[in-house]
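Before any comments, here is the structure.
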Amino acid sequence: MAQDSASVSELDTVHEERDGVSPAGDLKREEEIKSEKVVHHQDFVEYSKDWGFLPIPKHLRYHPDKKVHFGVLLNAVFGAASTFVVANLYYCQPLLIQFSISFNVSYGEVSRIPTLVQAGYACGLVLITPLGDLVRRRPLLLIITFVPASLSIGLAVTRSLVAFEVITFFVGMFSVAPQILIPLAADLSPPERRATAISIVMSGLLLGVLIARVVAGVIAQFVTWRVVYYMAIGVQYGVIVTLYFTLPDYPAKNPGLGYIHILWSMAKLAVTEPKLIQACLMSIASSATFTNFWVTLTFLLGGPPYNYSTLVIGLFGLIGMFGVCMAPILGRTIDRLVAWYATLLATVFLIFVQAINTGAAGVNIAAVVIVTVGLDVGRQMQQVSLTSSVLGISAAARARLNAVVILAIFIGQVMGTAVGSKVFTEHGWRPAAALSLALTGFQLIVLLGRGPHCERYTWFGYQGGIEWRKKVVLERLRGAEEEKMNASADAGGEKGNEKPDNRTTHSNELPDTDEKRQEDPSAV
């Protein structure tokens, strides 16, 4: 890919050489594809239209010689788009009683609606999100935002529960724009700001989860639930217009790769990348503890000794806004650290929070507030650092890598809901909290099993020292790379006399072209 932004930098090569993996070997190991092409300068074709008919504003068209500026405004647009798109998954939750009355059905029948929208979302993660590594993302994002916005019209007007359920499934399936925006933010942002950029987009996603329930409940309380979906239609079309005028075009990463193969390669990444597997195991456990807390919190606050009303219990969800507000600060902190150490700090902090939860949350409401804030902040820091690290594994596969992590989070949510509820109902608050403490301890064990500077395909152990400052590590890598380049220049005369290496796409290495995608310095 033409190096059009700071996200594709000379440090990519530096970092990969540190890991002891040649660029060609990296590509073969990561993809194992017959042919994977990227946009070269000599092959460059400027797209002036999306889908062949919708003009792209001139200042947003891609050109290899034009650097894409990923500033605060564009980052905020990504975050806001994530907020209003992910909200589609949660509008229905406070509206189930009104659905039951409107469609004249039982609570059991309308309870399928949240399940269907989440099932659709899971399908979208598997089937749509990997397209971010296959096609141009500007037209992809516009279409997958347009589809749920248009389908929401059906949700607002239908009188049939079956039709509502079918449409709900497809709305969930196409509401995956945030999971394409996160890798795109990683691509466009400079390495030194990558964690901050990711944290802002992820905060937008978290904000969407919070405000969707609140807004839907308030609107439905004073008018009708259909107005909620009319509002959703308006804000989603607003997102489309905003993206149209702000989202830069960017070339496809792997135009020579087929759709079936990209799905297969995603499955292979999930079982061959040690860092990804480490992040997934931690994400499953972290998501399970987070969901366990919020599901059982309702039971805790609604019973003795607190006996709070539903309204008061609902207001505890607004405490999560603190984690959203902390995102930029956490992102800047993570950007200064080697990602492994940021994850370590967050995990140790979460163990401390879970200890308070286990010991005092069932006794004093102040402990509940502390735990609520601590979980939001700690999990936000942990998830951003893990995501930043995982997206640094391969710039060519960020959409697939992100999809695997989000699927792990989804699995953790299911586990936390099912197991946490059962433990609480059978044994009470303290055993349920102790379960979360044990799962957080498991996360620490998984993290400590693989050190901060391990080579890419090292499964266990410690290599490369224990330096915690990202800046220092990158300076060392840059110096090592400069020495290597000087040595290569001295040997250039000898190489010039060698015969060309006509290796095929089935060989262990690829010719020296831009197809050599490397691990990013953000993975440090």
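The values are calculated or read from the model by the stated rules, or taken from the named source; none is laboratory data. In this text, all values refer to a predicted model and were calculated from it rather than measured experimentally. Cβ: placed from backbone, ideal geometry, glycine included. Neighbour counts: every protein chain shown.
Show the residue pairs that are 6+ apart or on different chains and have beta-carbon atoms under 9 Å apart, the first residue being within the range 142-165 and closer than 17 Å to V235 by Cβ, the second being among the basic types (K, R).
Every condition considered, the pairs that remain are L155/R226; A156/R226.
Within 18 Å of the chain's Cα centre (by Cα), buried (at least 23 other Cβ atoms within 10 Å of the Cβ), at pLDDT below 90 and not small (G, A, S): is that true of L181 in this structure? Step through it out loud before you land on a result.
On the way: within 18 Å of the chain's Cα centre (by Cα): yes; buried (at least 23 other Cβ atoms within 10 Å of the Cβ): yes; at pLDDT below 90: no; not small (G, A, S): yes.
Considered against the rule, which asks whether it is within 18 Å of the chain's Cα centre (by Cα), buried (at least 23 other Cβ atoms within 10 Å of the Cβ), at pLDDT below 90 and not small (G, A, S), L181 comes out as no.
Name the single residue that is nearest to L134 (Cα to Cα) among those in the range 187-198 being among the small types (G, A, S) and modelled with pLDDT under 85. Before the answer, list the steps.
Narrowing the range 187-198 to residues among the small types (G, A, S): 189, 195, 197.
Still in the list and also modelled with pLDDT under 85: 189, 195.
Details: S189: 20, A195: 24 Å.
Per the stated criteria, the residue is S189.
Specify which of the listed residues (I262, I277) is outside the structural domain of Q118 (by TED's automatic domain parsing), closer than 30 Å to G52 by Cα and either touching a residue at least 40 places away in the same chain (Cβ under 8 Å) or in a helix (DSSP H, G or I) (or both). Steps first, please.
Working: I277 fails: closer than 30 Å to G52 by Cα.
Exactly one of I262, I277 is outside the structural domain of Q118 (by TED's automatic domain parsing), closer than 30 Å to G52 by Cα and either touching a residue at least 40 places away in the same chain (Cβ under 8 Å) or in a helix (DSSP H, G or I) (or both), namely I262.
Can you name the residue in the range 244-259 that is crowded, with 18+ Cβ neighbours inside 10 Å and either among the aliphatic types (A, V, I, L, M) or not in a loop (DSSP other than H, G, I, E, B) (or both) and, of all such residues, is modelled with the highest pLDDT?
First, the residues of the range 244-259 that are crowded, with 18+ Cβ neighbours inside 10 Å: 244, 247-254, 257.
Still in the list and also either among the aliphatic types (A, V, I, L, M) or not in a loop (DSSP other than H, G, I, E, B) (or both): 244, 247, 252, 257.
Numbers: Y244: 93, L247: 90, A252: 82, L257: 78.
So, considering only residues that are crowded, with 18+ Cβ neighbours inside 10 Å and either among the aliphatic types (A, V, I, L, M) or not in a loop (DSSP other than H, G, I, E, B) (or both), the one modelled with the highest pLDDT is Y244.
Would you say V239 is within 21 Å of W51 (Cβ to Cβ) and either in contact (Cβ under 8 Å) with a residue 60 or more places away in the chain or not assigned by TED's automatic domain parsing to the domain that holds Y90 (or both)? Walk me through how you get there before you give the answer.
Numbers: within 21 Å of W51 (Cβ to Cβ): yes; either in contact (Cβ under 8 Å) with a residue 60 or more places away in the chain or not assigned by TED's automatic domain parsing to the domain that holds Y90 (or both): yes.
Yes, satisfied.
So which residues in the range 48-107 are small (G, A, S) and over 22 Å from R194 (Cβ atoms)? Give the derivation first.
Pass one, the range 48-107, residues small (G, A, S): 48, 52, 71, 76, 79-82, 87, 100, 102, 106.
Of everything in the range 48-107, those that are small (G, A, S) and over 22 Å from R194 (Cβ atoms) turn out to be S48, G52, A87, S100, S102, S106.
Only one of (1) under 30 Å from E426 (Cβ atoms); (2) surrounded by fewer than 19 Cβ atoms within 10 Å (Cβ to Cβ); (3) more than 18 Å from the chain's Cα centre (by Cα); (4) at pLDDT 75 or above is not met by L281, so which one is it?
Every listed condition holds for L281 apart from (3).
Is there a residue being touching a residue at least 60 places away in the same chain (Cβ under 8 Å) and closer than 20 Å to V218 by Cα anywhere in the range 99-107?
As a first pass, look at the range 99-107 and keep what is touching a residue at least 60 places away in the same chain (Cβ under 8 Å): 99, 102-103.
Now narrow it down to the ones that are closer than 20 Å to V218 by Cα: 99, 102.
Yes, some residue in the range 99-107 is touching a residue at least 60 places away in the same chain (Cβ under 8 Å) and closer than 20 Å to V218 by Cα.
Yes or no, residue by residue, for (1) under 20 Å from the mean Cα position of the chain (by Cα); (2) within 27 Å of G132 (Cα to Cα):
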position	(1), (2)
G217	no, no
V227	no, no
M231	no, no
T242	no, yes
T246	no, yes
P251	no, yes
I262	yes, yes
L276	yes, yes
N292	no, no
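Please specify each residue of the range 130-140 satisfying the condition of being closer than 19 Å to L391 by Cα, touching a helix residue (DSSP H, G or I) at 6+ places or on another chain (Cβ under 7 Å) and not charged (D, E, K, R).
In the first step, residues of the range 130-140 are kept if they are closer than 19 Å to L391 by Cα; the result is 130-137.
Remaining after also requiring touching a helix residue (DSSP H, G or I) at 6+ places or on another chain (Cβ under 7 Å): 130-134, 137.
Of everything in the range 130-140, those that are closer than 19 Å to L391 by Cα, touching a helix residue (DSSP H, G or I) at 6+ places or on another chain (Cβ under 7 Å) and not charged (D, E, K, R) turn out to be P130, L131, G132, L134.
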